[in-house]
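What follows is a single structure, written as structure tokens, with notes after it.
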Amino acid sequence: MELEIGAVGAQGDGVAPGPVFVPLTLAGERVGAEVRGDRGELTAVLRASPQRVSPPCPHFGDCGGCALQHWDTAPYLVWKAEEIRRALGREGLESDILPAFATPPGSRRRLALHARKAGQGAQIGFKARRSWRLAAIDSCTVADPRLVAAFPALARLAAPFLEHPKSAPTLHVTLTDTGLDIDITGVERRSGGLSADARMIAAEVAAAADFARVTLAGEIVYQARQPVVRLGPAAVALPAGAFLQATREAEAAMAGFAVEAAAGARGIADLYCGAGTFTFRLAAIAPVLAADAAGPAVRALSSAVAGAPGLKPITAETRDLDRRPVLAEELKKVDVALFDPPRAGAAEQTAQLARSGVARVIGVSCNPATFARDARTLVDAGFVLQRVLPVDQFLWSPHIELVGVFSR
């Protein structure tokens, strides 16, 4: 079936009323597609958009990791910024949306690789588009070349974790300053977990590949040295499976924007602080109260303080900010607060910030919809959302991150 691609879906003769969504296409194109209900599968591009480019990755279209490699960079980044504008608009909000910060290819330092049996060994890759099938890969355009170079060794590492037929391992691989840190989940454990033989084989593979550490859902299987990452002026010993921004470039852009917004602060709260992505940089300005529900990350942050001299005092606390937010009364010595929650947002904590005497708030988010909801709470309390920096950290995906600055 031939379809005309519009801004919100495709239309064609014989198609049921309403839009049909056809992935891997662009507005203004005429395409051939197999249509079922409101979804179509692209079969041919009959009239290409002038914004269409050749995807740089040979796995694009099968691999589900990237969705937008066929779109030219400039309009793609404009679209991502517009996603933020639309999310704010749904809450009746406006702001100065700055040009998006673009993460370069080859910069991802974190990957989640799935593993499946292949003969006597294993294949690794990403889920195929709209499927549970594994799309095996031997390259990745978004990943740091050092991760790509490790793919053969990672496939060998995955093999012993497939000894149980119900196991479907995922290798969460992080490039740290001291080597690769791999935390593996999805291994069947109710039947007794990984055997001693499988652990020994995994350790031998890890040693031969010079991996820094291998853990099974946080439990150490092999460790040659502590994985360490530098967060601003601090060297932090990364806990197994800990959150880390996907690229150094995006982390630096977000942190630099936040530090600029926090200039002149006398007291700072870093809420949902993790291992200290923003904490150490903010502590160069003023004393920081840091809080997060992830105990290992908070302990890693606290341990790194001694190795980062010259900073203002940092007080770190393990605290579930969704169930027990830092109260307005506890923020009396804070005039700038930063929050960086998971995708669900920070509804309870934002309500306390709205009640507090904090003069400036910096919101970091990977979900424009929940950010807009939380922003509405702050604006209703007298804040103004002054400016927003879009950050394209997950290159060629539909996701966009952002940093927004509020002032009373």
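The values are calculated or read from the model by the stated rules, or taken from the named source; none is laboratory data. This is a predicted model, so every value here is computed, not measured. Note: ideal-geometry Cβ built from the backbone for every residue, glycine included; neighbour counts use all protein chains shown.
Taking Asp322 as meeting all but one of (1) of a type in the set (Asp, Glu); (2) assigned to a loop (DSSP other than H, G, I, E, B); (3) within 17 Å of Ser356 (Cβ to Cβ), write down the number of the exception.
Single failed check for Asp322: (3).
Taking region 359-390 only, how many residues are closer than 20 Å to Thr277 by Cβ and of a type in the set (A, V, I, L, M)?
Residues that pass the stated criteria total 5.
Just for strands (runs of 3 or more DSSP E) wholly inside region 343-408: which have at least 1 residues that are among the small types (Gly, Ala, Ser) and closer than 20 Å to Glu330 by Cβ?
Ranges flagged: 360-365.
So which of Ala153, Ala143, Ala159, Ala149 ends up being closer than 18 Å to Val205 by Cβ, among the small types (Gly, Ala, Ser) and surrounded by 20 or more Cβ atoms within 10 Å (Cβ to Cβ)?
Exactly one of Ala153, Ala143, Ala159, Ala149 is closer than 18 Å to Val205 by Cβ, among the small types (Gly, Ala, Ser) and surrounded by 20 or more Cβ atoms within 10 Å (Cβ to Cβ), namely Ala159.
Out of everything in region 253-266 that is touching a residue at least 24 places away in the same chain (Cβ under 8 Å) and in a loop (DSSP other than H, G, I, E, B), what residue ends up being surrounded by the fewest Cβ atoms within 10 Å (Cβ to Cβ)?
The extreme case among them is Arg266.
Identify all residues within region 267-290 that are in a strand (DSSP E or B) and within 20 Å of the chain's Cα centre (by Cα); write none if there are none.
Passing the criteria: Asp270, Leu271.
Leu194 - would you say it is surrounded by 19 or more Cβ atoms within 10 Å (Cβ to Cβ), in contact with a helix residue (DSSP H, G or I) (Cβ under 9 Å, 6 or more places away or on another chain), modelled with pLDDT under 95 and not in a helix (DSSP H, G or I)?
Against the criterion (surrounded by 19 or more Cβ atoms within 10 Å (Cβ to Cβ), in contact with a helix residue (DSSP H, G or I) (Cβ under 9 Å, 6 or more places away or on another chain), modelled with pLDDT under 95 and not in a helix (DSSP H, G or I)), Leu194 qualifies.
Among the residues of region 306-353, what is the count of those that are over 20 Å from Arg408 (Cα atoms) and under 25 Å from the mean Cα position of the chain (by Cα)?
Adding up the residues that qualify gives 15.
List pairs: first in region 31-42 and at positive phi, second at pLDDT below 90 and surrounded by fewer than 13 Cβ atoms within 10 Å (Cβ to Cβ), Cβ under 8 Å, 6+ apart or cross-chain?
So the pair list comes out as Gly37/Ala16.
Do we have Phe339 as surrounded by 21 or more Cβ atoms within 10 Å (Cβ to Cβ), at pLDDT 95 or above, in contact with a helix residue (DSSP H, G or I) (Cβ under 8 Å, 6 or more places away or on another chain) and in the same structural domain as Val391 (by TED's automatic domain parsing) here? Please lay out each step first, then the result.
Working: surrounded by 21 or more Cβ atoms within 10 Å (Cβ to Cβ): yes; at pLDDT 95 or above: yes; in contact with a helix residue (DSSP H, G or I) (Cβ under 8 Å, 6 or more places away or on another chain): yes; in the same structural domain as Val391 (by TED's automatic domain parsing): yes.
Judged against the criteria, Phe339 is a match.
Looking at (1) more than 22 Å from Thr103 (Cβ to Cβ); (2) surrounded by fewer than 24 Cβ atoms within 10 Å (Cβ to Cβ); (3) touching a Ser or Thr at 6+ places or on another chain (Cβ under 6 Å), which one does Asp270 not meet, given that it meets all the others?
In the conditions (1) more than 22 Å from Thr103 (Cβ to Cβ); (2) surrounded by fewer than 24 Cβ atoms within 10 Å (Cβ to Cβ); (3) touching a Ser or Thr at 6+ places or on another chain (Cβ under 6 Å), Asp270 misses (2) alone.
So, of the residues in region 120-140 that are of a type in the set (D, E, K, R) and in contact with a Pro (Cβ under 9 Å, 6 or more places away or on another chain), which turns out to be surrounded by the fewest Cβ atoms within 10 Å (Cβ to Cβ)?
In this case the residue turns out to be Arg130.
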